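> The structure under discussion is supplied below as structure tokens; questions concerning it will follow.
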């Protein structure tokens with residue numbers, strides 16, 4: 001993607017909705033993970049924050065997700081499964 005295309009996708013409302021769903025799905029899996037998982041407390045706090053304010057979380061996660069290699073390759077046409085992987089990778093980097 002070009003810089004202009006990336007910048008546009010970083011503020012695209014439809015794409016943000018997809019990122020929000022991926023964040024909530026990841027948050028749910030974190031809430032259900034064992035407390036022995038590495039950095040669980042930090043991950044759990046993020047998951048709670050996501051569940052309480054998913055719009056804000058999606059807004060924060062969207063720009064770095066756009067920069068993920070899979071999103072850069074496919075843009076808004078990225079599959080839901082690939083987007084889920086991109087979002088989870090980005091969130092793990094953020095934590």
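Readers should treat all values here as calculations from the given coordinates under stated rules, not as data from a laboratory. Just so it is clear, the model here is predicted, and its values are computed rather than measured. Quick reminder, even Gly has a Cβ in these numbers, built from the backbone with ideal geometry, and neighbours come from all protein chains shown.
> Helix-only estimate, please: 222 nm mean residue ellipticity of the chain, summing -39500 (n - 2.57) across DSSP H runs of length 4 or more and dividing by its residues, to the nearest 500.
That comes out to -24500 deg cm²/dmol.
> Just to be sure I understand, if you calculate volume of the Cα convex hull per residue in Å³ for this structure, which of (1) 175; (2) 100; (3) 80 do you get?
Derived directly from the coordinates: (3).
> Could I ask something else about it? Connecting C-alpha atoms closer than 10 Å in a GNM of the chain, tell me which of 37, 61, 21 has the biggest fluctuation.
Its mean-square fluctuation being the largest, the pick is 37.
> Applying a 10 Å radius around every beta-carbon, put 74-80, 64-70 in order of their mean neighbour count, most first.
64-70, 74-80
> Okay, next question. What ranking do 10-20, 83-93 get when scored by the average of other Cβ atoms within 10 Å per residue, highest first?
Working: 10-20: 16.0, 83-93: 18.5.
Highest-to-lowest ranking by the protection proxy: 83-93, 10-20.
> Can you tell me, using C-alpha contacts under 8 Å and at least 6 residues apart, the relative contact order of the chain as a whole percent? Walk me through the numbers on the way to the answer.
Numbers: 91 pairs, mean separation 35.4, N = 95.
Worked out over the chain, it gives 37 percent.
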